[in-house]
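Written out below as C-alpha cells is the structure these notes cover.
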Amino acid sequence: MLRARLKDTINSPGITAVLPIAESKRLILAKTNGNVEVYSRENNKFKLFQVYPNILKNLHIDDPEIFDLLYSEQLSTIFVQCKNVVLLLNSFNLHVYDRIVDKRGISKWWLTSTVIYPSSTETDDGYSSSPESENLYEANIDGISHNDDSMSTFLLYATGKPSKLRLLIWKGRIYKSMVEIKLPGSKEHVTSVNATPNGMIITTNNGVYVWSYSLMELIRIQKIVERTFPIDMVSAIVDLRRQCDLSYPDKIVQSGSSNYEVLERVSSSQGSNITKKSSLSGFWHRRTDKDKGIYRKIRYSFNDTNSSPFIVDGLTESLFEVNLERDKEPFLITNKHGQFFEWNPSFENVEYISTDILMMYNSKEIRFVDYKNGFTFLEEYILDGIKKVEKVLGTYLIIWTNNDRILLYHYQVDDDITELDGNSDISSDQDSADDVTICGKFHDSDFYYLWRKVLFYQFFLRSPYSVELCASPNPEVSLDVCAMKLRDFTVLWCLKIFDALEDCLKILNSGENELAKIANKNKTNRPIIEEKYIRILEEIIVKGVFTYFIDVWAPPQLVILNTFPPDISKLVNFLTNEEHQCVNENHSMTSVTLSKSIPDLFRKWVIPYLTDTRRNLKNLQKNNNTGITWNYYNRSIQQKLDFFLLDNHGQVTIDDMLRLVDTVLFKMYIKYAPKMVGPLIRVGNSCDPVIVVKTLKSCNMPQELIGFYYQQNKHGDALKYLVSLLDGATSESNKAKVKELVKVLIISYLKSMDSSYMKDIMQYSSWLIENYGTTELTKCEILKDIFFDETAIGDKNNGMQIYQFIKKYSENLSLTYLEVYVSAKDIIEHDIIYELIERYLVEISNIKVRRKLKSVLELPLEYNVSKVYTIFDRFLDRDRDSDGNSLKSEVRRFIKIMETYPLFKDSEHKHAIDILYSDLGDYKKSSLYCDRLYESDRNRGVEIILYLFEKVVKQYLESTEEVIMNVENGAYYSNQVMMFLKDQGSRIDSLMILERLPQSIPIQEIGKELTNVIMSKQNNKEEETLEKSLLQVELVNESFSLNKELSKFVTLNETYKCPVCKKPFSIFTSEEVLWHCTDGKDYIVHYNCGKVRRSRSFSIQANINKSSMKPRTVKDMKNT
C-alpha cells in the first residue's frame, strides 16, 4: 500500500495562509504580522528564499490580514483573500497588479479552470446566449486544445451573505467578465465548485446547480435517475445474491459457501437500482435514524480522468454521476455509496488527488480513499493536529498543523523490488496490517483482499506519477513487476467472482426444481424470480470476468479448469499430462438447464478469450526466442511461454498449449457455435486429431470431418470415410442418392489433393471407374472430372504419370490430356513434349494434326532440341506413316520445315537456312525465318541474312555457269536476288550488298531494287542527321532555361559589389538586400540603394506623366 514519509518540517508561528506552487517548487506562507515568506524546495528540503515584509502595508486596505491564498498557473497569478478585497499578485515577484473590492465581504472562495466546448448560440428552449458567453467562446471556435489560450479560469467567491456569489471569468490570460449569482435560499451556501467543459457544477447544502456557459445563468438540477442494471460485475453479483436471498432464503444456509458470506456483507451497502425520476422534495435534506456522522457535511464535486463529473454526497450516502450533455437538461445518476461512508465515517474535508483517489482528512488523520468503493490506500495520523492539507504536484503533501508547523510528506508505494517479487517477510506483515487498516476487522476476507489489491495496483499503474510512486531504486522494473502482480490478483479475483456466480446459479437451479414440484399445491407463496433481470446480471458478470481474462492474458489452464464445463475442463490434464488441484468442482454455471442464456454468454464472452489466447500463442510460436509484448496499463513487457503456464508446471511446450487451446476451442464451437467448426478445422490448427475425429463422427458432421482430414493431410482416411458412407444407406432410393453423392465428393476431394499423394489419387480414381464406369463414356467423364480441371493440372507436377494412367483407359483421351496439359502449364516435363510430338507424328497425314504440331513447336517451351530433332529424323528415316504407306512428299516437306523450330531454339540458324533454302528450295520461308530472327536478335539476324544472300548469289552463279543454260532457270534466280534486295536489303549495309553481288548480273534486272536500297539507306541517314540537329537545338534551349533559372540565384561573397553604390557586401553582418531590376535584368543591391533607386524611378516617371498632361507652350518649344 501507500506510505507517507516525513521529509521536512518548518516551524513558523503565526501562519494565516499556505500556498504551494508546484511548478516553481515554492511554498508561500502568509503571517499574522503581514509578512510573506517564500520557501524553495530542493532535495525534499525547504529553504527560506525570501521574506516580503508587511506586503499589504502601502495598499490602503482597511484590514490588511491575509485569510487565504490561491494560485492560477494559466494566469501566473496569486490570489490573496483579505476581508473585503481580493489582490492579484504576479507569481514571480509578488507585485500587486490588480485588485477586486467587495464591501460586502469575502468569505469562502474557489478557483477552477477548464477548456470550454463550443456550443450553439441558441438553446433548445429558444434562449439566446449572452454577450459574455460569446466572448467566452470566441477563442474556441477553431477547436479545443489544452493550452493557455484555450483554458478558461473562474474565480467564484461568496460574499458576506453566503447565498450571494460573484464569478470572475478569464479566457486564456485575458479577463472577460464578472457575473453576480444569487442562490435561491437565503441560508444556502456553496460546498464545492467544479468547472467542466460543458458547465460549472456548484454544490450547496440544499442541492446541485450547473452554471451554463451559454446562458450565463444558474440552473438547478431537477432530475435524478437510478440505473436499471449494475455497471460492474461486483454490483451484479451482489444483486444476484439478493435475488437468491429474496427468492429462496432457506437455500442460503444450506449452501454454506464462503463466497456467499462475502456477498452478504457487500450487499448491506450496495444494492440494485431501478430507473426512475426521483422527487427532490426533501431529497437533499434526508434524515435517517443513524448516528449523525460528520461525513454528512460532505457534498463534493470533482472530475475523474476520462469520465463524467462525480459528486460524493454524505447526507444521502450516494455517489452521483453528473450528465452534462450539451443543449440538454442536466441530470444526476445516483449510485448507493453506503459502503464508502461506512468505512470512512469521520472525515469532512475531501479533495480529488488523481486516478480514482480522494484525499480525506479531519483534525487528526489523512486518508487516500478509492472513491468508487471506499478502500483506503494511505492512512496517516498527525499528532499535532491538522489545520489544512495541500496537495503538491507529484507525490507530495504539505500539512499545516494546529501549532503552525508545515510538514512535507512524500508518499510512495511501500513495496520495493524484492517485496514485489514476494521474497520479503516484511511484505507479508505489512499486508496483514493493511487488511485490518483497510477493511476493518469485520470486513476482512479473501475476496476483499483480492479486490483491494486489484484496485490498488490499477491506481498505481494508471497514475500519472507511477514512477515517482515507486520507492525502489529501479522504478521501471518495479512497475513491470507490479503489472505482473496485478495480473495475478486480477485472475484470482475474477475466479472468486465466477465461483460466487456459480453458487448463486446453483441455488436458483435447485430452487426452481423444488418449485416445480409444489407449483400446483401452493401458488400463493411461490417466489417471484425476475428471470430477465437474472440473465442480464449473468451477462454483466461473465462479460466482466472474461474481459479481464483477455486483458491480462490469463493462463488458459487455470481458466479452463475453473470456468469451463467438466467434459471440457478435463482436457487440461489429458492433453498436458499434468494433474492440477486448482479445479472448481461446482461447475453449476455450465449446466445448460440452469440458464437459457449460457450458450449465448459463451459465444459472446468465453470463446473470444480462447481465440485471443490462441492468437497470442501463435505469435509466441513464431517469436519463441524473443517472446511477445504484453501491453498492460502503459507497460510493455516481453513475455515467453512461462507467462501462460501455471506454477510448478512440468515439461509443457508451446505445442502442448496450442493443442489444448485449439481442442478446447473446437469443443466449445461444437457445443455453442457449430457454424464456426468448419472455419476452425479447415485452416492450420493444433487440435488433437483423435478427439476431433471422434467428436465429428458422433455429431454426424461429415463435411467438417473431411475438411479436418484434408487440413491434416490424412487423405487416405478421408477417402476411406467417404467410401464408408455407402454402407449408411438403407432404402434403394436412398442408396442411389448416396452413391451419386459419394462419387461427387470423392471426385472433388481427389481434384484438391496435392501431386505428392498421386498413389492415393490413382487408387481411388480406379475405384471410381470400377464402380461407376459402366461405359467408355462414363469412364472418360470421371477421368475428365478428376484430371482435366485447369486448376488441378496447374497443381500437378507429374503429368507423365497421369498420362500413362489415362492411356490405360482411353488413347484419345490421353492425347487430349497432353494437349490440355501443355496449354495450361508454364513449366512442362520434357517427356510430355516428346510424347505429344510422337503422338502427332502418328497422325501427321491429317492436316489438323499438322497445325497442332506447328502450334506446339511455336510455343516458348523448354526442351532438349537434339531430342526433338532426333524424333523428326527418326520418323523421316522410317519413311512410313501410321498405315505403313510411304510418306508423301508434302509430309516430308512439312517435317523438314518443323525441324527448323528446334534449330531456331538451339541457335543453329545456318543449318535451318540450309534446310529451308538448299534442301527445300523455299526462299519465302527462308526470308520469313530471317525476319523472325532479326526481330529477336538484330546482330545475329544480319549475319544470317548475309548468309542467305550468299546462298542466293551462289545459286544464281551456279545457274549461269551451266554449259547448257536454262533461260527460265536463270531468270528465276535473278528474280530471287531482286526479291532478297526488296525484303532484306534495308537491313544490311549497301556496300556489303555491292561486294557480294555477282559481277555478271545485268544491272537492268536489279537496278531498281538496288536503287531503292541505296535510297532507303540515304533516307535513314538523313533522318538520323535531322534527329541529331533537333536534339542539339533542344539542348541549347534547355541550357538557356537553366542559365536563366540560375541567374535568379546569387552567391554573395566579398568580391560581389552592389551595382548601385559599387560597394561590397559585408559577410559578417545580417545585412538586408533587395532584388532590383535594371535594364530588364535582376540584380541584388543594398536595401537602401534599392529603395533610393526605386523612389527616383517613381519620381521621374511621375514627372514624365505630369508633364505629358500639360499642353505644350512656346516656352517649351524654345527650351527644346
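The values are calculated or read from the model by the stated rules, or taken from the named source; none is laboratory data. Given the structure is predicted, the values throughout are model-derived calculations rather than measurements. Reconstructed Cβ throughout: ideal geometry from the backbone, glycine too, with neighbour counts over all protein chains shown.
Identify all residues within the range 221-261 that are farther than 20 Å from residue 548 by Cα, at pLDDT 85 or above and of a type in the set (S, T, N, Q); write none if there are none.
If the condition is that a residue be farther than 20 Å from residue 548 by Cα, at pLDDT 85 or above and of a type in the set (S, T, N, Q), then 222, 228 are the ones that fit.
Can you spot a residue in the range 919-937 that is farther than 21 Å from residue 815 by Cα, assigned to a loop (DSSP other than H, G, I, E, B), free of Cβ contacts under 8 Å to residues at least 60 places away in the same chain and of a type in the set (Gly, Ala, Ser)?
Yes: the range 919-937 contains one or more residues that are farther than 21 Å from residue 815 by Cα, assigned to a loop (DSSP other than H, G, I, E, B), free of Cβ contacts under 8 Å to residues at least 60 places away in the same chain and of a type in the set (Gly, Ala, Ser).
Taking the condition among the hydrophobic types (A, V, I, L, M, F, W, C), surrounded by 14 or more Cβ atoms within 10 Å (Cβ to Cβ) and at pLDDT 85 or above, does residue 993 pass?
Against the criterion (among the hydrophobic types (A, V, I, L, M, F, W, C), surrounded by 14 or more Cβ atoms within 10 Å (Cβ to Cβ) and at pLDDT 85 or above), residue 993 does not qualify.
Does the range 83-96 contain at least one residue that is in contact with a Leu (Cβ under 6 Å, 6 or more places away or on another chain), more than 21 Å from residue 359 (Cβ to Cβ) and surrounded by fewer than 16 Cβ atoms within 10 Å (Cβ to Cβ)?
yes
Suppose we keep only residues that are of a type in the set (Ser, Thr, Tyr) and at pLDDT 75 or above within the range 1006-1054. Which one would you say is farthest from residue 981 (Cα to Cα)?
Out of the qualifying residues, it is 1041.
Go through (1) over 25 Å from residue 954 (Cβ atoms); (2) surrounded by 19 or more Cβ atoms within 10 Å (Cβ to Cβ); (3) acidic (Asp, Glu) for residue 899 and report which single condition fails.
Result: residue 899 fails condition (1) only.
For the range 772-794: of the residues being modelled with pLDDT under 90 and among the polar types (S, T, N, Q), which is farthest from residue 703 (Cα to Cα)?
775
When both residues are 6+ apart or on different chains and their Cβ atoms are under 7 Å apart, which pairs have a first residue that lies in the range 1079-1097 and is part of a helix (DSSP H, G or I), and a second that is surrounded by 14 or more Cβ atoms within 10 Å (Cβ to Cβ) and at pLDDT below 75?
Listed by first residue and then by second, the contacts come to 1090/1076; 1093/1076.
Being within 60 Å of the chain's Cα centre (by Cα) and either at pLDDT 85 or above or basic (Lys, Arg) (or both) is the requirement here; does residue 987 meet it?
For residue 987, the condition - within 60 Å of the chain's Cα centre (by Cα) and either at pLDDT 85 or above or basic (Lys, Arg) (or both) - is not met.
For the range 889-909, indicate whether the set of residues that are modelled with pLDDT of 85 or more, more than 59 Å from the chain's Cα centre (by Cα) and within 17 Å of residue 983 (Cβ to Cβ) is non-empty.
Yes; the residues of the range 889-909 include at least one that is modelled with pLDDT of 85 or more, more than 59 Å from the chain's Cα centre (by Cα) and within 17 Å of residue 983 (Cβ to Cβ).
Just a yes or no: is a residue in the range 177-188 modelled with pLDDT of 90 or more, surrounded by 15 or more Cβ atoms within 10 Å (Cβ to Cβ), of a type outside the set (A, V, I, L, M, F, W, C) and over 20 Å from residue 74 (Cα atoms)?
Checking the range 177-188: at least one residue is modelled with pLDDT of 90 or more, surrounded by 15 or more Cβ atoms within 10 Å (Cβ to Cβ), of a type outside the set (A, V, I, L, M, F, W, C) and over 20 Å from residue 74 (Cα atoms).
Which fully enclosed helices (runs of 4 or more DSSP H) of the range 740-837 have 2 or more residues being buried (at least 17 other Cβ atoms within 10 Å of the Cβ) and in contact (Cβ under 8 Å) with a residue 40 or more places away in the chain?
Those helices (runs of 4 or more DSSP H) span 758-772, 799-807.
Look at residue 595 and say whether it is of a type in the set (Gly, Ala, Ser), at pLDDT 75 or above and either within 22 Å of residue 531 (Cα to Cα) or touching a helix residue (DSSP H, G or I) at 6+ places or on another chain (Cβ under 9 Å) (or both).
Details: of a type in the set (Gly, Ala, Ser): yes; at pLDDT 75 or above: no; either within 22 Å of residue 531 (Cα to Cα) or touching a helix residue (DSSP H, G or I) at 6+ places or on another chain (Cβ under 9 Å) (or both): yes.
For residue 595, the condition - of a type in the set (Gly, Ala, Ser), at pLDDT 75 or above and either within 22 Å of residue 531 (Cα to Cα) or touching a helix residue (DSSP H, G or I) at 6+ places or on another chain (Cβ under 9 Å) (or both) - is not met.
Quick test for you: out of 534, 507, 529, pick the one residue that is at pLDDT below 90, under 17 Å from residue 237 (Cβ atoms) and outside any helix (DSSP H, G or I). Let's see the steps before the verdict.
Numbers: 534 fails: outside any helix (DSSP H, G or I); 507 fails: outside any helix (DSSP H, G or I).
Among 534, 507, 529, only 529 is at pLDDT below 90, under 17 Å from residue 237 (Cβ atoms) and outside any helix (DSSP H, G or I).
Kindly indicate whether any position in the range 941-948 is out of contact with any Cys (no Cβ under 8 Å at 6 or more places or on another chain), exposed (fewer than 14 other Cβ atoms within 10 Å of the Cβ), part of a helix (DSSP H, G or I) and at pLDDT below 85.
no
Of everything in the range 158-176, what is surrounded by fewer than 20 Cβ atoms within 10 Å (Cβ to Cβ) and not charged (D, E, K, R)? Give them in sequence order.
159, 160, 162, 163, 168, 172, 174, 175
Filter the range 152-211 down to the residues that are over 28 Å from residue 331 (Cβ atoms) and of a type in the set (D, E, K, R), then identify the one that is farthest from the chain's Cα centre (by Cα).
Looking at the filtered set, the residue picked out is 161.
Pick from the range 884-896 the residues that are part of a helix (DSSP H, G or I) and touching a Leu at 6+ places or on another chain (Cβ under 8 Å): which of them is surrounded by the most Cβ atoms within 10 Å (Cβ to Cβ)?
That would be 895.
In the list 94, 87, 111, which residue meets the criterion of being modelled with pLDDT of 90 or more, of a type outside the set (Phe, Trp, Tyr), part of a loop (DSSP other than H, G, I, E, B) and closer than 26 Å to residue 59 by Cα?
So the residue among 94, 87, 111 that is modelled with pLDDT of 90 or more, of a type outside the set (Phe, Trp, Tyr), part of a loop (DSSP other than H, G, I, E, B) and closer than 26 Å to residue 59 by Cα is 94.
Check whether at least one residue in the range 642-653 is without any contact (Cβ under 8 Å) to a residue 24 or more places away in the chain and closer than 22 Å to residue 547 by Cα, and report yes or no.
Filtering the range 642-653 for residues without any contact (Cβ under 8 Å) to a residue 24 or more places away in the chain gives 642, 647-648, 651, 653.
Okay, now just the ones that are also closer than 22 Å to residue 547 by Cα, so 642.
Within the range 642-653, one or more residues are without any contact (Cβ under 8 Å) to a residue 24 or more places away in the chain and closer than 22 Å to residue 547 by Cα.
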